[in-house]
1. Using mean Cβ contacts within 10 Å as the protection proxy, how do 540-548, 33-41 order, highest first?
2. With no solvent and one equal point scatterer placed on each C-alpha of region 621-710, evaluate the Debye formula and give log10 I(q)/I(0) for q = 0.16, 0.24 Å⁻¹, two decimals.
3. Hey, could you get me the Stokes-Einstein D for region 144-232, Kirkwood radius over alpha-carbon pairs, 10 °C and 1.306 mPa s, rounded to whole µm² s⁻¹?
4. I need to check one value: relative contact order of region 640-714, counting alpha carbon pairs closer than 8 Å and at least 6 residues apart, in percent.
5. Taking the C-alpha atoms of region 543-610, how large are the radius of gyration and the largest Cα-Cα span, Dmax, in Å?
6. Sequence neighbours fewer than 8 away in the same chain don't count; with that in mind, list the lysines whose C-alpha is under 26 Å from K693.
7. Pairs of Cα atoms under 8 Å, at least six residues apart: use those to get the relative contact order of region 304-424, whole percent.
8. What is the packing order of peptides 184-193, 596-605, taking the mean over residues of other C-beta atoms within 10 Å and listing the highest first?
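Bear in mind that the values in this text are calculations on the coordinates, not laboratory data. None of the values given here were measured: they were computed from a predicted structure. Neighbour counts run over all protein chains shown; Cβ positions are idealised from the backbone, glycine included.
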Amino acid sequence: MEKIFKAEWLGRPLIIKTGKVAKQADAAVWVQYGETVVQATVVQAKTEREGIDFFPLMVEFEEKLYAAGIIKGSRWVKREGRPTDQSILTGRMIDRSIRPLFGKEDNRDVQVIITVLALDQENDYDIVSLLAASAALSIAGLDWQGPIGGIRVGLIEDKFIFNPTYEEQTKSALDLIVAGTEKKVIMIEAGANEVQEDIMLQAIMAGQKEMQGAINLIKELQAGVEIKKTPRLVAEKTATELEADQEKENLLNLGKAWLEKNIKNILFDKIYYTKGERKAAVSAIKEGLDAHLSQEGLSTEKRNFIINKLVEKMVEAEVTRAIIEEKKRVDGRALDEIRNLSAEVAILPRDHGTSLFSRGETQVMSIVTLGAPGLEQSLEGIEGQSKKRFMHHYNFPPYCVGEASPLRGTGRREIGHGALAEKALLPVIPNKEEFAYAIRVVSETMGSNGSSSMASTCATTLALMDAGVPIKKPVAGIAMGLASNADMSRYEVLTDIQDLEDGEGGMDFKITGTDAGLTAIQLDTKTNGLTEEIIAKTLTQGRAALNQILQVITAALPAPRAELSKYAPRIISFHVDPEKIGSIIGPGGKVINKIIDETGVSIDIEDDGLVIICGANVEMVEEAVRQVKDIVHVFTVDEVIKGKVVRLLDFGAFVALNANQDGMIHVSELAPYRIDKPGDFLSIGDEVTVRIKEIDEQGRINLTMKNLAENAHLYKDERGKSSGQANSGGFGRSSRFNNNRLGGSRGGFRRQINNK
């Protein structure tokens with residue numbers, strides 16, 4: 001039986017439906033906000049997965065083009081294919097929001113599938129999807145400590161806007177998504193245009209407060225439906241099996257006793273500066289425990305069982321304890337201290353811009369490639385078609401962590417880390433009018449031990465400046481961590497976390513920004529959420545770290561280079577009257593294709609009249625610019641201009657002033673004396689200097705060659721005998737017409753629309 005729950009939330013109806021569809025799932029809901037509708041289903045396996053040390057949660061997000069009334073643009077493939085980057089990022093955002101609230105003892109697979117069924121182009125689907133996942137989990141009978149809510153926060157004219165529409169988002173200086181419970185914040189995803197830390201904190205906490213309306217409706221759902229626990233197929237244990245369980249517990253207690261006595265001394269008897277040294281220390285703990293257990297007469301199997309179950313878990317616990325109680329880190333740093341930093345640029349000889357940034361053992365090389373605007377990435381999804389001019393791609397090869405494993409292509413991690421750095425840098429990227437290039441950056445992770453995504457942000461900043469991209473300001477990034485006890489009554493915020501410090505009771509709080517404010521935030525937590533106090537301390541401590549890293553960046557390269565690499569293509573952009581676009585293109589693309597063929601450039605023309613010309617040879621680019629500007633040139637009376645003779649008639653000569661515009665010299669205006677026939681004085685192909693004598697109402701241009709010093713070499717004597725012509729040659733051409741309009745195929749050029 002279908003049940004419907006409704007509430008007014010932030011000025012729009014929020015509706016949750018369950019009991020009508022997908023009845024074989026453990027839970028299924030439809031959540032509607034405005035006319036955007038999302039379905040979420042939850043299924044938990046009946047049996048446990050053996051031998052895993054992680055919670056087996058699968059979150060799948062599906063964009064369905066029918067939701068927006070779209071048929072896939074591909075000619076051959078109409079079915080939805082590989083998930084878009086945006087759908088992958090949305091799925092990751094939901095996963096990061098719900099995962100911390102699952103119980104740790106249940107190893108049964110849980111799959112959450114979120115499907116967008118309808119999109120109204122006003123209410124964003126990601127918040128609705130987050131609420132749908134929360135609602136479905138809340139009635140699935142799982143060991144999950146929800147519900148949670150989610151909200152988007154914008155900032156327009158110093159005022160917070162909650163769940164802004166698509167139109168409002170284009171005007172906002174902040175794009176913040178917050179997920180949380182009634183009292184705490186669990187997940188943050190934010191992009192910002194240099195928003196200051198105190199404003200960001202206010203936005204986060206305001207969002208956490210305003211999401212309570214959605215949480216309350218999910219609680220009504222919980223109270224209004226019968227919740228059935230997913231049956232757990234566990235056979236009743238025999239007496240022998242129970243005895244074996246007791247033996248395992250005794251073995252673990254034996255291991256705990258030795259570790260509690262010795263682990264502290266081994267971990268903190270010296271300072272372990274590198275990941276290799278810390279691994280060696282952990283290995284020493286395992287070897288010491290193994291030797292002790294061997295003396296106790298335990299078999300290899302039993303010893304391995306104890307070591308695998310206890311050591312790493314208790315090491316993390318000891319690291320956390322030392323931080324909280326003694327303010328001590330394994331590598332000897334202060335809690336707010338960053339590892340050694342280094343940065344350099346121009347490390348490769350031919351690439352357009354390069355850099356190498358290191359923070360401790362985390363090291364990233366970024367490479368910039370500049371291209372013509374037509375090389376922008378085209379995007380197609382349920383939000384429609386768009387283009388992306390700045391692209392950041394992140395790679396994480398196995399060698400960066402000292403492993404050997406197959407290369408499987410780009411995974412969710414790579415997409416997520418690349419998108420975060422891209423979001424961090426986007427606010428400082430110049431617009432197309434300032435810098436018309438398509439910009440692609442690839443960050444190669446050379447070594448990873450603590451937030452390679454933030455290192456890629458720093459490396460990309462430097463590579464962009466090395467390439468001569470006039471970014472507005474350098475951007476730095478830092479990863480902040482947390483050490484806390486079980487009830488979070490005691491905690492410490494850590495700057496620049498690494499390996500052993502990312503344990504239970506921790507967080508990964510990534511912060512990026514300029515010297516003026518924040519540009520991106522991403523929070524994942526392993527706790528049941530963060531308080532306002534913890535968030536505030538993290539932002540303050542993170543700002544100090546950003547300032548320190550910015551000093552290292554500007555020491556390596558203070559500002560963007562004034563000149564581009566000699567290997568980068570050259571681009572010249574300028575605006576023309578939009579009414580002149582047709583003249584540049586010509587009938588069937590004839591005019592523009594001729595320029596492209598002659599110069600080898602690419603030409604992009606936008607509807608607002610922005611013309612972008614790109615080519616490898618600067619002289620050819622400049623020639624193409626000249627030709628285009630000649631075409632759109634507005635002629636005026638008395639203007640002196642050079643042109644080529646293209647046609648001779650008995651009454652005068654026709655001169656091409658540009659590709660689309662001819663003017664006529666009457667025979668009486670050829671010379672200061674009588675000329676009988678224009679052909680006696682000029683030849684087709686001659687270059688002459690003319691003055692515009694008149695422009696009639698129909699746009700026809702009358703010219704004169706009289707009284708121009710540039711033509712003196714054509715005159716022989718006062719009787720009008722020609723001394724010889726200017727260089728002859730060329731072929732005659734058909735008469736020209738003013739105002740050639742666009743028609744037919746546009747051929748080999750690109751006319752881009754709404755691509756800023």
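1. 33-41, 540-548
2. Reported log10 I(q)/I(0), two decimals: -0.61, -1.26.
3. It diffuses with D of about 112 µm²/s by this estimate.
4. For region 640-714, the relative contact order is 32 percent.
5. Radius of gyration, then largest Cα-Cα span, for region 543-610: 20.5, 61 Å.
6. K580, K629, K642, K644, K677, K706, K716, K721
7. Averaging sequence separation for qualifying contacts and normalising by length gives 11 percent for region 304-424.
8. The most tightly packed comes first, giving 184-193, 596-605.
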